[in-house]
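Here the structure comes first, spelled out in structure tokens, and everything after it is commentary.
The values are calculated or read from the model by the stated rules, or taken from the named source; none is laboratory data. Since we're looking at a predicted model, the values are computed, not measured. Counting neighbours? That spans all protein chains shown, and the Cβs are built from the backbone with ideal geometry, glycine included. Note: accessible area is taken over every heavy atom of the protein model, side chains too, but ligands, DNA and RNA are not part of it. Shrake-Rupley method; radii C 1.70, N 1.55, O 1.52, S 1.80 Å.
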Amino acid sequence: MPTSFPDEFTHHKNLFYFPDASKGTFTVTATYELSHLRALEAEAVHIFREVAATFERPVLLFSGGKDSVVMLHLAVKAFWPAPLPFGVLHVDTGHNFDEVISFRDHAVANYGVRLLVASVQDDIDAGRVVEDTGPRASRNRLQTTTLLRAIGEHAFGAVFGGARRDEEKARAKERVFSFRDEFGQWDPRNQRPELWQLYNGAHRKGEHIRVFPLSNWTELDIWSYILDERIELPPIYYAHRRDVVQRDGMLLAQTRFLTLLDGDEPFEATVRFRTVGDATCTGCVESTAATATEVVAEVAATRVTERGATRADDRISQAGMEDRKREGYF
Amino acid sequence: MAELLRMATAGSVDDGKSTLIGRLLYDTKTILSDQLAAVELTSRERGEDQPNLALLTDGLRAEREQGITIDVAYRYFATPKRKFIIADTPGHVQYTRNMVTGASTADLALILIDARKGVLEQSRRHAFIASLLGVGHLVVCVNKMDLVDYSAERFEEIREEFAAFAMKLDVSDLTFVPVSALHGDNVVHRSAEMPWYEGTSLLHHLEEVYVASDRNLIDARFPVQYVIRDQGSDFRGYAGTVAGGIFKPGDEVVALPSGFTSTVRAIWGPGGEPITEAFPPQAVTVQLTDDLDVARGDLLCRPGNRPQASQSVDAMVCWLTERSRLTPGAKYAIRHTTRSAKASVVELDYRLDVNTLHRDEAAESLALNEIGRIRLHTQSPLQFDPYRRNRLTGSFVLVDEATNDTVAAGMLLGPHLATAKVVWQHGTLGREERATQGLTVWLTGLSASGKSSVAAELERLLVAEGRPAYLLDGDNLRHGLNGDLGFSAADRAENVRRVGEVARLFADAGMVAIASLISPYRADREQVRAAHQAAGLPFVEVYVDTPLEVCEARDPKGMYAKARSGEITGFTGVDDPYEPPVHAELVLRGDEGDPKALAARIRALLGPH
């Protein structure tokens, strides 16, 4: 080994669990090949560094959800041993799972990064947005105003998001560096061509670039990476007992933000969340997957088994369906 | 084997491309059940008895019907062997821009041909763009075989026509698969309808195709992307993505353009993982032993292997915007590796018709989707390799500083010759004017396959006829010309390059140069072939295809035994790959027939003096 460097960086040691070479996933062979996860990691790291080198004020969107946790983990790795050269921003709807908020604060402290919170409540209080009412009201739509306000106030030039191209059809076409005009709008018909590793982040004052380092990752890649890197997630991503109600084909957690409707009959079930967002509209699935290994197996099975002839409405297929409904909201 | 394969697909809906992609997703079970249920429902409503798989990628078609700009869409699927990223680009005439974009990061291009229609202008254009963008592997799917009664003759006809055209292009690996995407024939599973087809299914080919040698592992190139400084620990390192070659701690490196040399002290992966060998496309951080003034945009390389440096360069460009045209005199910002500079277009040499490959030298500008050759003058010298040699250090984009748009994609050809330090001196004699006409016979195969014995017999045979011939034996040359080279991938490539150059000179001088060396990597041999083609010299590749077990049983030098026991590593066939030729002029088995008889078979190919 060249030097005794890591000893000087003990404060980082707890963050990075170097993969076990015997597992094979990360082994570099004599023919100079990277495993696909390592190739995706290298691509993401390249993107983080490119932004840090060419933008004045980047920020990383961090909700405590799995994609944003993976994104933060990669960002911190990209700049080792230096601290992350930008902060993280949470757009807070106020309707959070307590576990996620405490995880957010824990992760921010653990990774040693600066957290900025932009609150939807502030915009409601200031009259910039009007909250929907009724039992099915959600604050999802309102987040956009809060996000754009935060970007404007802090003059962020680049905003990292954890969106992936496999999520849905429109996203399949979005660039890694995605231009937003002075009103924060995306024009899918007029995107800059993106070739090789040459990203064009040129923009004027008031405009900004959304940057998606996880563009080429799939849900299974995310979970495999969480497993391999032993990345900590909010506990609600793993199977636990919880009171839920069945609504619109989804299981919704019974929280203080959820107003029960006529016919809603809460019951206890063993569930986990596949995505984590506003507590009023984030559904969970019945699952017994209690570890990252079990979730990887479940996600892999979701892709392999439940199609073709057997389209019974089994649990896993509901999970796949629900994921997309989820992502439709956002 | 590379676990991640990036591919670009080209073709229009009419060719059945959506159906083919839908079929790959469906048969690899990438589609979730609710997606499939929706497709089945729609198909039933339309009165179709099978699910219409084109509906799975229907986003694109809907757009077309609405007349919205069609763009590159990325899709993902996986098998237990590989992960695939498809850059799906529409194939209509106006979409050259998108195909260029999709092909820029692809290892492989998939081209669809409708078996009824045969090779169309569009098919040629797709192949040309893939070749221009340096995509070395082309897979041609001859689709709708069910509509031509699964005819072997029709398939052969198309194959021959396409292969004849592809000869003019720079394609190292060309594969044809007869498929019916609609019924799934030869897509994932071998078809029972085409017993005459001896190849593998499309998916099997995609899973197995070896693409690693497409990366440049020879020329060490590290464009510095970002300087990492940690005040707490006094750490200073250069972060970036390896663009070529291998870097190791202890390597002597030079920083360009300053020219200062230093030594690699350590290399760190993301998160501080120590790296003993860094190769493309790893993202790493390099520490040097000396405190040099190195910044973003600089390049680290080996003192003995530097890139080209020039302010005046020739390049092929594709124009990407409809809002303006490329005209001589215009100024742009150029983005090349991690460097930005101002650049002006000095000259438009010609515009290329991508359908006929005709060069229009009278052209005065390039419009959207047009491709041409230009001369560019940059404000500071570019440190680059020709695109053919390295896609990452040989590519650039032009950005219009008024609109911030990316307006051109460029592939560097070389320094503009008037300013290059070395100008090619054209010899006074042509090949035909010499007393004898030379050529190169290149024998490739595993160690102990019998190459050298056959080569020696061939030399004897030719000399006996009075024809000047000379044997260049790989092992012997390692004692002198290549005495400084080891057996790493990079050194093997350099070994082949040097022997190839010597063979070319011998052939040019009128000799039959007979090169006998393992030369395990296809790309290296292809470069030698290209060098011969460029010089107008025949190149005859002979693959001595003796099975590994036979070679290993022979083992005259005891090398296989040493490799198996781990005494030596990186031995071809044991723990280093051998990539057989795809288009060898002749394939021999070293254990079938005596060396004399085998040499006579090569002799028969060479023709008279």
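Would you check if there is a residue in the range A:186-195 being over 28 Å from residue A:69 (Cβ atoms), free of Cβ contacts under 8 Å to residues at least 60 places away in the same chain and touching a helix residue (DSSP H, G or I) at 6+ places or on another chain (Cβ under 6 Å)?
Within the range A:186-195 (the criterion being over 28 Å from residue A:69 (Cβ atoms), free of Cβ contacts under 8 Å to residues at least 60 places away in the same chain and touching a helix residue (DSSP H, G or I) at 6+ places or on another chain (Cβ under 6 Å)), the answer is yes, since at least one residue qualifies.
Any idea which residue in the range B:576-600 is least open to solvent (accessible area, probe 1.4 Å), counting only those that are more than 23 Å from the chain's Cα centre (by Cα) and not hydrophobic (A, V, I, L, M, F, W, C)?
Among residues in the range B:576-600 that are more than 23 Å from the chain's Cα centre (by Cα) and not hydrophobic (A, V, I, L, M, F, W, C), the one least open to solvent (accessible area, probe 1.4 Å) is B:590.
The conditions are (1) over 28 Å from residue B:369 (Cα atoms); (2) open to solvent by 10 Å² or more (accessible area, probe 1.4 Å), and residue B:177 fails exactly one of them. Which is it?
(2)
Could you tell me which of the residues B:603, B:564, B:529 is away from chain A (no Cβ under 14 Å), crowded, with 18+ Cβ neighbours inside 10 Å and not in a loop (DSSP other than H, G, I, E, B)?
B:529
Can you tell which of A:255, A:291, A:259 is modelled with pLDDT of 90 or more and open to solvent by 20 Å² or more (accessible area, probe 1.4 Å)?
A:291
Can you find even one residue in the range B:318-327 that is touching a Phe, Trp or Tyr at 6+ places or on another chain (Cβ under 8 Å), open to solvent by less than 50 Å² (accessible area, probe 1.4 Å) and under 15 Å from residue B:258 (Cβ atoms)?
No, the range B:318-327 has no match at all.
Does at least one position in the range A:120-141 carry a residue that is surrounded by fewer than 19 Cβ atoms within 10 Å (Cβ to Cβ), hydroxyl-bearing (Ser, Thr, Tyr) and within 19 Å of the chain's Cα centre (by Cα)?
no
Find all pairs meeting these conditions: Cβ atoms under 8 angstrom apart; at least six residues apart or on different chains; first residue within the range B:301-319 and in a loop (DSSP other than H, G, I, E, B); second residue surrounded by fewer than 17 Cβ atoms within 10 Å (Cβ to Cβ).
B:303/B:252; B:303/B:261
Looking only at the range B:192-215, count every residue that is of a type in the set (Gly, Ala, Ser) and surrounded by 20 or more Cβ atoms within 10 Å (Cβ to Cβ) and tell me the total.
Final tally of qualifying residues: 2.
Condition check ((1) farther than 24 Å from residue B:408 by Cα; (2) out of contact with any Cys (no Cβ under 8 Å at 6 or more places or on another chain); (3) hydroxyl-bearing (Ser, Thr, Tyr); (4) not assigned by TED's automatic domain parsing to the domain that holds residue A:261) across all residues:
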residue: A:119; (1), (2), (3), (4): yes, yes, yes, yes
residue: A:132; (1), (2), (3), (4): yes, yes, no, yes
residue: A:145; (1), (2), (3), (4): yes, yes, yes, yes
residue: A:149; (1), (2), (3), (4): yes, yes, no, yes
residue: A:164; (1), (2), (3), (4): yes, yes, no, yes
residue: A:190; (1), (2), (3), (4): no, yes, no, yes
residue: A:204; (1), (2), (3), (4): no, yes, no, yes
residue: A:224; (1), (2), (3), (4): yes, yes, yes, yes
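Which residue pairs have Cβ atoms under 6 Å apart, sit 6 or more places apart or on different chains, and have a first residue in the range B:181-201 that is touching a residue at least 60 places away in the same chain (Cβ under 8 Å) and within 12 Å of residue B:26 (Cβ to Cβ) and a second that is basic (Lys, Arg) and surrounded by 15 or more Cβ atoms within 10 Å (Cβ to Cβ)?
Matching pairs, first to second residue: B:181/B:23; B:184/B:23; B:187/B:23.
Within the range B:280-296, how many residues turn out to be open to solvent by less than 10 Å² (accessible area, probe 1.4 Å), modelled with pLDDT under 95 and within 10 Å of chain A (Cβ to nearest Cβ)?
Result for the range B:280-296: 1.
Name the residues in the range A:191-217 that are more than 24 Å from residue B:411 (Cα to Cα) and open to solvent by 20 Å² or more (accessible area, probe 1.4 Å), would you?
Those that are more than 24 Å from residue B:411 (Cα to Cα) and open to solvent by 20 Å² or more (accessible area, probe 1.4 Å): A:203, A:204, A:205, A:206, A:207, A:210.
If you go through the range B:340-359, how many residues are in a strand (DSSP E or B) and open to solvent by 50 Å² or more (accessible area, probe 1.4 Å)?
So the count comes out to 6.
Within the range B:258-272, take every residue that is in a loop (DSSP other than H, G, I, E, B) and closer than 25 Å to residue A:198 by Cβ and give me the one that is farthest from the other protein chains (Cβ to nearest Cβ).
Across the range B:258-272, the extreme among qualifying residues is B:258.
Look through the range B:226-252, keep the residues that are more than 35 Å from the chain's Cα centre (by Cα) and more than 22 Å from residue B:337 (Cα to Cα), and return whichever of them is modelled with the highest pLDDT.
B:235
Do we have any residue at all in the range A:220-236 that's part of a loop (DSSP other than H, G, I, E, B), over 19 Å from residue A:65 (Cα atoms) and among the charged types (D, E, K, R)?
no
So in the range B:223-240, with the set limited to residues that are open to solvent by 10 Å² or more (accessible area, probe 1.4 Å) and polar (S, T, N, Q), which one is nearest to the other protein chains (Cβ to nearest Cβ)?
Per the stated criteria, the residue is B:233.
For residue B:541, work out the one condition from (1) among the charged types (D, E, K, R); (2) in a strand (DSSP E or B); (3) open to solvent by 50 Å² or more (accessible area, probe 1.4 Å) it doesn't fulfil.
Failed condition: (3).
Which numbered condition trips up residue A:83, out of (1) crowded, with 19+ Cβ neighbours inside 10 Å; (2) assigned to a loop (DSSP other than H, G, I, E, B); (3) within 14 Å of chain B (Cβ to nearest Cβ); (4) touching an Asp or Glu at 6+ places or on another chain (Cβ under 8 Å)?
Unmet for residue A:83, out of (1) crowded, with 19+ Cβ neighbours inside 10 Å; (2) assigned to a loop (DSSP other than H, G, I, E, B); (3) within 14 Å of chain B (Cβ to nearest Cβ); (4) touching an Asp or Glu at 6+ places or on another chain (Cβ under 8 Å): (1).
Looking at (1) crowded, with 18+ Cβ neighbours inside 10 Å; (2) touching a residue at least 60 places away in the same chain (Cβ under 8 Å), which is the only condition residue A:112 fails?
(1)
Give me the residue from the range B:201-218 that is among the β-branched types (Val, Ile, Thr) and either at pLDDT 85 or above or more than 13 Å from the chain's Cα centre (by Cα) (or both) and, out of that set, farthest from residue B:82 (Cα to Cα).
B:218
Which ones in the range A:142-162 are at pLDDT 90 or above, open to solvent by less than 40 Å² (accessible area, probe 1.4 Å) and not in a helix (DSSP H, G or I)?
Of everything in the range A:142-162, those that are at pLDDT 90 or above, open to solvent by less than 40 Å² (accessible area, probe 1.4 Å) and not in a helix (DSSP H, G or I) turn out to be A:156, A:157, A:158, A:159, A:160, A:161, A:162.
Quick one: residue B:181 ticks every box in (1) more than 13 Å from chain A (Cβ to nearest Cβ); (2) among the hydrophobic types (A, V, I, L, M, F, W, C); (3) farther than 22 Å from residue B:149 by Cβ bar one, so which box is it?
If we test residue B:181 against (1) more than 13 Å from chain A (Cβ to nearest Cβ); (2) among the hydrophobic types (A, V, I, L, M, F, W, C); (3) farther than 22 Å from residue B:149 by Cβ, just (3) comes out false.
Could we say that residue B:255 is within 14 Å of chain A (Cβ to nearest Cβ), assigned to a strand (DSSP E or B) and in contact with a strand residue (DSSP E or B) (Cβ under 9 Å, 6 or more places away or on another chain) here?
Here the answer is no, as residue B:255 does not meet what is asked.
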